[in-house]
Every structure is written in structure tokens, then in C-alpha cells.
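The values are calculated or read from the model by the stated rules, or taken from the named source; none is laboratory data. As the structure is a computational prediction, the values presented were derived from the model and not from experiment. Cβ placement follows ideal geometry from the backbone for every residue including glycine, while neighbour counts extend to all protein chains displayed.
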Amino acid sequence: MLVNAKDMLTKAKAGKYAVGQFNINNLEWTRAVLETAEELRSPVILGVSAGAGKYMTGFKTVAAMVDAMVDSLGITVPVALHLDHGTYEDCYKCIEAGFSSIMFDGSHYPIEENIAKTKELVAVCAEKNMSLEAEVGSIGGEEDGVIGAGECADPAECKMIADLGVTMLAAGIGNIHGVYPENWAGLSFETLDGIQQQTGDMPLVLHGGTGIPADMIKKAISLGVSKINVNTECQLSFAAAVREYIEAGKDLQGKGFDPRKLLAPGTAAIKATVKEKMELFGSVGKA
Ligand code: 13P
């Protein structure tokens, strides 16, 4: 069964660790993340971007697949199915499709409009027992064609949104989606500290988890980050493993062209990346 992410994140914040959100793209991805979470007894959040939802033919397909897979694989750890960077319209599509959690990314609206729309969604999610993530201060880099500048959020604005009753809050602290550029200035711990002081117990979300050095991840967790999103790193591991298989000519040997064989190294590579992240985030054994 899919769960609201509130409970796992409240425990993570109190226990000073973070739950990983791993974005999924297809059946192999979903399976790799779910099996790793079960093996490591870790709670997990499956993230679905609008682009990934479209690729999998729609949010309904995704919800049906994930729900059935949790059952077929006998997954017993808490799993939340979460819309990543949702538009206002997509939030409603996911509520209807059976997601257990959504992110409304109103960071590009003026703060008043972000507040009004977030407030409305807080009420809807409460009624449906779903968790809601809000965002203040856009996160840099490119995701699904949307390019953000990587701002640092204003702690006072974070408090305004947190006070609306959202479950978790994503705030820009100099983090960027995708691979970090050579000249990246690093996370702004001063901003994070200010946000945590203003928002208290609110679980904070760190987007752009790919490529953030381990010491920065640990420091961010110590300053209130309880959910960390990882997407690109699994894509890179998957691509490298499939490339190696093909470059070794294995698809040309016997039935090596069978997609179940050809994609297997990629699936194993995603599992290894997810394991590494769960160990770093401290969520192993917390389910
Ligand atoms: P990365 O692709 O940089 O890991 O970011 C993932 C993310 O933040 C999804 O919302």
C-alpha cells in the first residue's frame, strides 16, 4: 500500500537522517528502487516528474503500476508515490490518479499566488490523507526543459508557506538539478540554517541530490533536511552500465539482445546507486 510521506519524514527529522526520493522512469527503475528499499529496510519516496509521467503514458498508468508492483514484490517498507515539481493542474491529476503525495511547485508565482494555491492544496490533501510538498525559491539547473537560476530562498517566505500546513518544504539553498558545474559555489548553509530556525519541525527537502559531496549532505541533514531528491545520478549509472554491456558486444552473443538481458546491468546499476544514497542519508534500517 502506498503511504502519505508525513510519518516517515517526521521520524527522519527527529532521528536526524533523510529519506531519499528517487525519480522513476519505467518498470525497471521502479523495481530497482523498491527492491533496494526492501532489502535495506528503508522507507522510500518514488518521484514522478511531469515528463516521466507523460513518458509512462500518464499518471494513472504510473499509479496502477507502482501499486501493483508493491503488492507483487511483497514490499513491506513504507512507500510514497510523489509528484515531483507539479503544476497546479498536474497536482489535481495525481490526486485523482491515486498518488499518495504531491509537490506543488509554485516557486515561479509571486509569493501571494504561491500562498493562495498552496493553501487550497493543503485542504485537499488533508481530506485525501496525502502529503504535500511546497517550494520557495526556485532550484537551479534544468529539469524537463525548465531552467531555474538556483536562488537562495528567503527564510521569512519559507515560514509563511510552512505555516500553511504543508508536510514538507523545498527551499532553494544554491542547489541545482543535474550535474553540478565545476565552478559551483556549494550549498548555502547560512540560508538553510535561517530557514530551519524559522520553520522549526518542518521537514526540509533538498533537491538536486546528484553530485552533492557526502560532507555537504551530512551537514544539510544536521540542519534539518529530511528528504533528498536524486534523479540524474541513477540515469548516469543506468546509461553507463548499458553502454558497457553493448560495447562489450554482449547484445550480439546468443540472446543478449533480449531486453530483459540488455537492461539488466542498468537495473543493477540503479540498485547500487540507490543503496549508496540510502547509506549516506542514514535511512537504512529505519522502516
Ligand atoms: P538531480 O537530478 O540533480 O538528482 O535532482 C533530482 C531532483 O531534485 C528531483 O526533483
Legend entry - Those residues of region 165-198 which are more than 16 Å from the ligand (Cβ to nearest atom) and assigned to a helix (DSSP H, G or I), in sequence order: F189, E190, T191, D193, G194, I195, Q196, Q197, Q198
Inset, instruction - Determine whether region 18-29 contains at least one residue that is more than 14 Å from the ligand (Cβ to nearest atom) and under 18 Å from K277 (Cβ atoms). - result: yes
Inset, instruction - Could you tell me which residue of region 221-249 is farthest from the ligand (Cβ to nearest atom), considering only residues that are closer than 30 Å to L169 by Cβ and of a type in the set (G, A, S)? - result: S222
Legend entry - Among the residues listed as A14, A68, the single one being among the small types (G, A, S), farther than 29 Å from A269 by Cβ and away from the ligand (no atom under 16 Å from the Cβ): A14
Inset, instruction - Can you give me the number of residues within region 31-55 that are surrounded by 22 or more Cβ atoms within 10 Å (Cβ to Cβ), more than 16 Å from the ligand (Cβ to nearest atom) and more than 18 Å from L280 (Cβ to Cβ)? - result: 1
Inset, instruction - Could you please find all residues in region 242-278 being over 16 Å from T210 (Cβ atoms), in a helix (DSSP H, G or I) and in contact with a Leu (Cβ under 9 Å, 6 or more places away or on another chain)? - result: V242, Y245, I246, K250, D251
Inset, instruction - Residues being part of a strand (DSSP E or B) and of a type in the set (D, E): count how many of those fall in region 199-214. - result: 0
Inset, instruction - Would you point out the residue of region 201-216, among those that are in contact (Cβ under 8 Å) with a residue 40 or more places away in the chain and farther than 20 Å from G15 by Cβ, that is surrounded by the most Cβ atoms within 10 Å (Cβ to Cβ)? - result: H207
Legend entry - Residue check, K218 within 30 Å of T76 (Cβ to Cβ) and in a helix (DSSP H, G or I): yes
Inset, instruction - Determine if region 40-58 includes at least one residue that is touching a Pro at 6+ places or on another chain (Cβ under 6 Å) and assigned to a loop (DSSP other than H, G, I, E, B). - result: yes
Inset, instruction - Scan region 167-197 for residues that are in contact (Cβ under 8 Å) with a residue 12 or more places away in the chain and over 20 Å from Y17 (Cα atoms) and report the count. - result: 7
Inset, instruction - Mind counting the residues in region 16-37 that are touching a Gly at 6+ places or on another chain (Cβ under 8 Å) and in a helix (DSSP H, G or I)? - result: 1
Inset, instruction - Grab the strands (runs of 3 or more DSSP E) fully contained in region 61-164, keeping just those with 1 or more residues being within 17 Å of the chain's Cα centre (by Cα), at pLDDT 95 or above and surrounded by 14 or more Cβ atoms within 10 Å (Cβ to Cβ). - result: 79-86, 101-104, 131-136
